[in-house]
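The structure appears right after this line, and notes come after that.
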Amino acid sequence: MTEEDYQQQRVAVLAEAELDTLAVRAGQVRGPEGEHSEPIFTTSSYVFGSAAQAAARFSGEEPGNVYSRYTNPTVRTFEDRIAAMEGAEMGVATASGMAAILSTCMALLKSGDHIICSRSVFGTTTVLLNKYLAKLGVSTSYVSPLNPQEWRDALRPETKLLFLETPSNPLAEIADIKALSALAKEHGSLLVVDNCFCTPALQKPLSLGAAIVVHSATKYLDGQGRCVGGAVVGRKEHMDEVLGFIRSCGPSMSPFNAWVFLKGLETLRLRMQAHSSNALALAQWLSEQAGIDKVFYSGLESHPQHALAKSQQSAFGGVLSFRVSGDKAAAWRFIDATRLVSITANLGDAKTTIVHPATTTHGRLSQEDRDQAGITDNLIRVAVGLEDIVDLKKDMQRGLDAL
């Protein structure tokens, strides 16, 4: 059997594989050394066999590597793997999660186009849309993630993208992906879903009708807070445009970071199950404590979109938030009294993190925008890690004792 025949058979086998197998095997093409683990191709350029081959590679007439800004074997393995896990035709890796959103918008929008965006998104996403895309003539309207009628009412002839996070950051609001996908298709627009909080281990927006999924690979895809990166996946016709933007403008993922993300994907489902289990236990415990006004976590039966979350997710993720009794000073006392968890804005780490959204992740928003998004001064977000739940409860009790 030739190597080409073997690889073709292997691709056919993987086409029918389950998520855990794809997370470990998808995208890898073994080189002549027969390496078992994916190699890191730390090269900026590639040598061609002739001037004619170089010309064919640059023009796209012949497939192959050209320059690591947009073609690198390690990065391509990551792109193929995350695409396979999301059920997409193609994936494109980027330098960060924000680069994934920027690249999607720059590739698919032009001056005069319009975006409808959930008002419950990461604060920096709002800054990107309001400050930078607005300079290029792209306008944005903000609506509730919970009311499809608001999305319908906001549609314009020039609306090209509908953008949302579900679950949202940090209030764990759940948007109806099927309903919004149907609305986007009816209008001839594209629904883009930030799947950072769930990952394909818990939710597959493309299977629910979304056109494009974006990721901050920095979070759960890595899982240990080591590297910064992003990804965009979807149909090839759209991803070719995103790749064209990456090629020309250069928000590229490094080969080393791609290799780290590949290692993270291998354990993704196991980690997401553990994060979800810990988060649910902590959310249930917090909801019973004096000093906690409200807990936001879609795994709680009291959550208003609990049934919807169950219908489109296999578990509820590792991020929760809660309001303490009091003001900003009370929230800060709670955070400062903890001794085990890490005070940092990152999430998706094996280590539990805690943060005050109003002054960090959403601190660049106006007070009016924070009010509309429900980011109050007494709100705390916890991204629950993989520590023992007994120890996490003890650390939260230290915060409660400081109120």
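The values are calculated or read from the model by the stated rules, or taken from the named source; none is laboratory data. A quick note: this is a predicted structure, and the numbers were derived from the prediction, not measured. In this analysis, Cβ positions are derived from the backbone assuming ideal geometry, glycine residues included, and neighbour counts consider all displayed protein chains.
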Report summary line: The helices (runs of 4 or more DSSP H) lying wholly within segment 211-294 that contain at least 2 residues that are in contact with a Gly (Cβ under 8 Å, 6 or more places away or on another chain) and aromatic (Phe, Trp, Tyr) are none
Requested in this report: For segment 187-202, indicate whether the set of residues that are more than 14 Å from the chain's Cα centre (by Cα), assigned by TED's automatic domain parsing to the domain that holds residue 95, within 29 Å of residue 111 (Cβ to Cβ) and assigned to a helix (DSSP H, G or I) is non-empty.
Outcome: yes
Query raised in the report: If we scan segment 108-116, do we find a residue that is at pLDDT 95 or above, within 20 Å of the chain's Cα centre (by Cα), outside any helix (DSSP H, G or I) and not acidic (Asp, Glu)?
Result: yes
**Report entry** Sole residue being crowded, with 20+ Cβ neighbours inside 10 Å and part of a loop (DSSP other than H, G, I, E, B), chosen from 322, 316, 334
**Finding:** 316
Query - Of all residues making up segment 350-403, the number that are part of a loop (DSSP other than H, G, I, E, B) and farther than 14 Å from residue 337 by Cα - result: 20
Query raised in the report: Got at least one residue in segment 132-152 being within 22 Å of residue 239 (Cβ to Cβ), buried (at least 24 other Cβ atoms within 10 Å of the Cβ) and in contact (Cβ under 8 Å) with a residue 24 or more places away in the chain?
Result: no
Report summary line: From the option list 175, 211, 184, single residue qualifying as at pLDDT 95 or above, within 30 Å of residue 75 (Cα to Cα) and touching a strand residue (DSSP E or B) at 6+ places or on another chain (Cβ under 6 Å) is 211
Query - Check on residue 338, polar (S, T, N, Q), assigned by TED's automatic domain parsing to the domain that holds residue 286 and at pLDDT 95 or above - result: yes
Query raised in the report: If you check every pair at least six apart or on different chains, which have Cβ atoms under 9 Å apart with a residue in segment 54-71 that is in the same structural domain as residue 246 (by TED's automatic domain parsing) and within 20 Å of residue 255 (Cα to Cα) first and a residue that is of a type in the set (A, V, I, L, M) and assigned to a helix (DSSP H, G or I) second?
Result: 64/56; 66/54; 68/75; 69/246; 70/243; 70/246
Report task. With the condition kept exactly as written, say whether any residue in segment 253-264 is farther than 25 Å from residue 67 by Cβ, surrounded by 15 or more Cβ atoms within 10 Å (Cβ to Cβ) and among the aromatic types (Phe, Trp, Tyr). Result -> no
Query - segment 343-380, residues that are under 23 Å from residue 290 (Cα atoms) and of a type outside the set (A, V, I, L, M, F, W, C) - result: 352, 353, 356, 357, 374, 376, 377, 378
Requested in this report: Could you list, in sequence order, all residues of segment 295-334 that are aliphatic (A, V, I, L, M) and within 20 Å of the chain's Cα centre (by Cα)?
Outcome: 308, 309, 315, 319, 320
Query raised in the report: In this structure, does residue 367 turn out to be surrounded by 15 or more Cβ atoms within 10 Å (Cβ to Cβ) and either small (Gly, Ala, Ser) or not assigned by TED's automatic domain parsing to the domain that holds residue 38 (or both)?
Result: no
